[in-house]
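As structure tokens, the structure follows; a few thoughts come after it.
The values are calculated or read from the model by the stated rules, or taken from the named source; none is laboratory data. Keep in mind the model is a prediction, meaning the values are calculated, not measured. Quick reminder, even Gly has a Cβ in these numbers, built from the backbone with ideal geometry, and neighbours come from all protein chains shown. Just the protein is used for accessible areas: all its heavy atoms, side chains included, with ligands, DNA and RNA removed. Shrake-Rupley method; radii C 1.70, N 1.55, O 1.52, S 1.80 Å.
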Amino acid sequence: MVGFEEGYKFFVDNSSAIVGAEMSGSYVGTVDEEIKKLINDLNSLEGFKTSSKMLKGDVAEFWHSGTFNIKAALDGSDHRAFVDRSHDFASTDISTNFGDRYGLKFYSDGQASAKAQAVSIFQRFKEYQSSGGKDGLEKFLQDRGFDNADSILNDPIYSGQIRVIPREQLEEATKWLSRMIQTESARRPEQVYRYQETLDLLTDRLKDNEGVESIPLSKKEAEELATLAKQGKINADDLGLTTEELIKFDNIMQQAFKAGMTAATISLMLKVAPEIYKAISYLIKNGEIDGERFKKIGFAAVSGGAEGFIRGTVSSALTTCCKAGLLGETLKSVDPTIIGTVTVLTMNVVKNAYSVAVGKKTRQQLTGELVRDMYVSAFSLVGGGISQAFIEVPILGYLIGSFVGSIIGSFTYSIGQKAVIAFCVDSGFTMFGLVEQDYTLPKEVLEQIGIETFDYETFEAESFEPDTFEFDTFNAETFEPDTLGITFLRRGVIGVSRVGYIE
């Protein structure tokens, strides 16, 4: 039972960090996927023979939808834009999952772009006739889904669509539309609506009014991108569209707070569940409610939520920094579950180290708990990885395997620890300081087994210093006899207190 409780406790601590890490890993992965999708869409134009001036409109569609989706992923929004690639009459260029529809025109200047955005149904019919079309007005309208010709001829064909034009043309286009509204008000009032509607819906970007926007694009930039796209040379680094560049401190903290709240909720439920079970069990057995048990439920809720939030927030922030490449290219490939586990181990060490510092725990206890946590965490990681392969639901699959792995790890550690202790008892081995060899029974244990104890007095024996004396000593005189100091210096040379040469 002890092994189960310890394993469950480790799982509760570990789960909050795992949830935070997995959520951030998924967050960065989503941003990266949107970046890759944009680059792939642009490079899909490789080999096109169309001139860059003509192809810039297609590039603009991919650019605006792609950068909008990247920003949505950065902000954690579910809003997405899609390039329809439709060539039907007055078809939408970009649709969204939140209802907005967009039409793009990237013409030579602001007036030309605005004029194309404000074209009427009757004008389009005349263009059809000038291009060799044989159908009459009635059939032309029927084939395109229009019924009442009298009321819709002067309507813009892109009615209801938000009109997107190049960034630098917005001011010029706005002035031209305003001028046309004033002119037509006095001359042809029926034409005012199409110009006014175009002006009201004119913009240089996609936006959802919740802070998510695409990056505005100029006509020149669109042509340059078209040239590179035709060569298949669009690169995310050159465009500044990388996780290192895009994920800022605000994004990290926003995601960390979101992950921390989710982790706190899960940790609270896991922490409170056993206490609720004990309270219900007590009620069934005794027929009454234990007030102290409900106090424990309250404390468990507070401590579980607070610790879960901290662990989830820290592991989330670390995971985002690693996966985004903010801490180096090497850590981009690290598994979020590893970061979550390391976060738990580190925070446990810090917590236990404080207990050692204030005298609540010993150094051996701290080291022993660290070894145990590392052992159990290994089983938790393995179990989570196996279950995730079978249960593909994000996070849930890993948590189920992590729970089982933590329980197994705790039980096997308890069994192994007993074997190690038995070995240390027989051999006297201290297991590198983890096992303290002390055969003195604590006072509490002696009293528990019925042995009376007492505190005996100690005494120190008196010591004495014996008398000492120093006996007389003498030094014998020495003398140096006269000698011939003969040394061989080198071949043919001798030294007898001086150097000479042999003839």
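Here's the yes/no breakdown for (1) modelled with pLDDT of 85 or more; (2) of a type in the set (D, E, K, R); (3) at positive phi; (4) not in a helix (DSSP H, G or I):
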{"position": "GLU127", "(1), (2), (3), (4)": "no, yes, no, no"}
{"position": "LYS139", "(1), (2), (3), (4)": "no, yes, no, no"}
{"position": "ASP150", "(1), (2), (3), (4)": "no, yes, no, no"}
{"position": "GLU168", "(1), (2), (3), (4)": "yes, yes, no, no"}
{"position": "GLU172", "(1), (2), (3), (4)": "yes, yes, no, no"}
{"position": "TRP176", "(1), (2), (3), (4)": "yes, no, no, no"}
{"position": "ILE181", "(1), (2), (3), (4)": "yes, no, no, no"}
{"position": "SER185", "(1), (2), (3), (4)": "yes, no, no, no"}
{"position": "GLU190", "(1), (2), (3), (4)": "yes, yes, no, no"}
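Residues to consider are SER108, SER77; find the one that is out of contact with any strand residue (DSSP E or B) (no Cβ under 9 Å at 6 or more places or on another chain), part of a loop (DSSP other than H, G, I, E, B) and either hydrophobic (A, V, I, L, M, F, W, C) or closer than 30 Å to MET180 by Cβ (or both). I'd like the intermediate steps shown before the answer.
Numbers: SER77 fails: either hydrophobic (A, V, I, L, M, F, W, C) or closer than 30 Å to MET180 by Cβ (or both).
On inspection, the qualifying residue turns out to be SER108.
How many of the residues in segment 47-75 are within 26 Å of GLU245 (Cα to Cα) and open to solvent by 40 Å² or more (accessible area, probe 1.4 Å)? Reasoning before the result, please.
Residues of segment 47-75 that are within 26 Å of GLU245 (Cα to Cα), as a first pass: 56, 58-75.
Retained after the next criterion (residues that are open to solvent by 40 Å² or more (accessible area, probe 1.4 Å)): 71, 75.
The total comes to 2.
Can you pull out the residues in segment 330-373 that are over 30 Å from THR243 (Cβ atoms), open to solvent by 60 Å² or more (accessible area, probe 1.4 Å) and among the acidic types (Asp, Glu)?
GLU369
Let me spell it out: the conditions are (1) at pLDDT 90 or above; (2) in contact with a Lys or Arg (Cβ under 9 Å, 6 or more places away or on another chain); (3) under 26 Å from PHE146 (Cβ atoms), and ASP109 meets all of them except one. Which number is the exception?
If we test ASP109 against (1) at pLDDT 90 or above; (2) in contact with a Lys or Arg (Cβ under 9 Å, 6 or more places away or on another chain); (3) under 26 Å from PHE146 (Cβ atoms), just (3) comes out false.
Quick test of your reading of the structure: SER26 fulfils all but one of (1) under 23 Å from ALA222 (Cβ atoms); (2) open to solvent by 10 Å² or more (accessible area, probe 1.4 Å). Name the failing condition by number.
It is condition (1) that SER26 fails.
Name every residue in segment 314-331 that is in a helix (DSSP H, G or I) and without any contact (Cβ under 8 Å) to a residue 24 or more places away in the chain, in order of residue number.
Our first condition is that a residue be in a helix (DSSP H, G or I); within segment 314-331, this holds for 314-323, 330-331.
Passing the criteria: CYS322, THR330, LEU331.
If we scan segment 208-220, do we find a residue that is modelled with pLDDT of 90 or more, open to solvent by 60 Å² or more (accessible area, probe 1.4 Å) and closer than 18 Å to ASP41 by Cα?
The answer is yes; a qualifying residue exists.
Which pairs turn up if I take residues in segment 135-146 that are within 12 Å of ILE121 (Cα to Cα) and look for partners that are open to solvent by 50 Å² or more (accessible area, probe 1.4 Å) with beta carbon separation below 7 Å, at least 6 apart in sequence or on another chain?
PHE140/TYR128; ARG144/PHE89
Has segment 119-135 got any residue that is of a type in the set (A, V, I, L, M), closer than 21 Å to PRO166 by Cβ and touching a helix residue (DSSP H, G or I) at 6+ places or on another chain (Cβ under 7 Å)?
no
Considering each residue of segment 144-203, count those that are closer than 22 Å to HIS87 by Cα and of a type in the set (Asp, Glu), and give that number.
Residues meeting the conditions: 2.
Taking the condition under 22 Å from ALA263 (Cα atoms) and touching a residue at least 12 places away in the same chain (Cβ under 8 Å), does ALA353 pass? Reasoning before the result, please.
Details: under 22 Å from ALA263 (Cα atoms): no; touching a residue at least 12 places away in the same chain (Cβ under 8 Å): yes.
No; evaluated as a whole, the condition is false for this residue.
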